[in-house]
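Encoded as structure tokens, the structure appears first; notes follow it.
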Amino acid sequence: MTTKYRTMVLRSKTDKSTGRTVVTASSPTPDRYRDVVKADWNLDHFKANPVVLWGHDYTRPPVGRVVDIELSGGDLVASIEWDDSESNPLGRTVASQFKRGFLNAVSVGFTPGAAVERASLDKDDPAYGAKGMAYTGNELMEISAVPIPAHRGALAMRAAGVPGVGKHIL
């Protein structure tokens with residue numbers, strides 16, 4: 001199967017002591033394409049190479065790395081350390097824009113194990129729907145910082161008006 005991309009930002013916060021951005025990288029809810037990525041993630045290979053890219057561009061060096069990743073209530077939650085070194089101008093720009101709230105979205109690049117039409121699922125299945133696909137057995141390849149999220153409900157906590165949350169993403 002080919003690599004799929006899903007863009008979203010549901011929750012974010014910044015740890016001011018470390019400068020890391022905590023994001024919800026994926027959630028098993030319909031995106032703008034009406035697809036659902038189920039929360040049965042295979043993270044083994046990703047943990048060996050936890051890259052954060054810019055816009056799924058595999059030809060450029062990473063702009064950051066994931067230092068912690070876990071499934072929390074069905075959501076894929078990651079803590080990102082940005083490469084804001086002088087030797088990585090793009091990483092520096094992306095880090096600055098996340099910290100200042102100009103960027104608020106990430107996207108997961110993954111290889112699905114299986115894809116079925118949501119309409120063919122049992123009506124009691126939370127992923128059931130009239131349109132779109134349901135992806136299962138997903139292997140995470142990378143997380144990318146992106147300017148436009150595909151998930152309509154993917155808003156940074158600061159954008160949703162949640163008090164006490166820092167200026168960052170996912």
Checked against (1) of a type in the set (D, E, K, R); (2) more than 19 Å from ASP31 (Cα to Cα); (3) free of Cβ contacts under 8 Å to residues at least 12 places away in the same chain, LYS123 satisfies every condition except (2)
The residue from PRO50, PRO147 that alone is more than 17 Å from PRO30 (Cβ to Cβ) and at pLDDT 90 or above is PRO50
Restricted to the range 86-117 and to residues being touching a Lys or Arg at 6+ places or on another chain (Cβ under 7 Å) and open to solvent by less than 60 Å² (accessible area, probe 1.4 Å), the residue nearest to GLY19 (Cα to Cα) is GLY101
So, first residue more than 18 Å from ILE143 (Cβ to Cβ) and among the basic types (Lys, Arg) in the range 27-40, second residue open to solvent by less than 50 Å² (accessible area, probe 1.4 Å) and modelled with pLDDT of 90 or more, Cβ within less than 8 Å, six or more apart or across chains; the pairs are ARG34/ARG118; ARG34/GLY129; ARG34/GLY132
Residue set ALA115, ALA95; condition assigned to a helix (DSSP H, G or I) and either basic (Lys, Arg) or out of contact with any Leu (no Cβ under 7 Å at 6 or more places or on another chain) (or both); output residue ALA95
Would you check if there is a residue in the range 128-146 being within 11 Å of LYS38 (Cα to Cα), open to solvent by less than 20 Å² (accessible area, probe 1.4 Å), of a type outside the set (Ser, Thr, Tyr) and under 14 Å from the mean Cα position of the chain (by Cα)? yes
Quick count over the range 69-113, residues being closer than 25 Å to ASN42 by Cβ and modelled with pLDDT under 95, is 20
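The values are calculated or read from the model by the stated rules, or taken from the named source; none is laboratory data. Bear in mind that the values here come from a model prediction, so they are computed numbers and not experimental data. A quick note on method: Cβ atoms are made from the backbone with ideal geometry, for glycine too, and the neighbour counts reach across all protein chains shown. Only protein heavy atoms, including side chains, enter the accessible area calculation; ligands, DNA and RNA are left aside. Shrake-Rupley method; radii C 1.70, N 1.55, O 1.52, S 1.80 Å.
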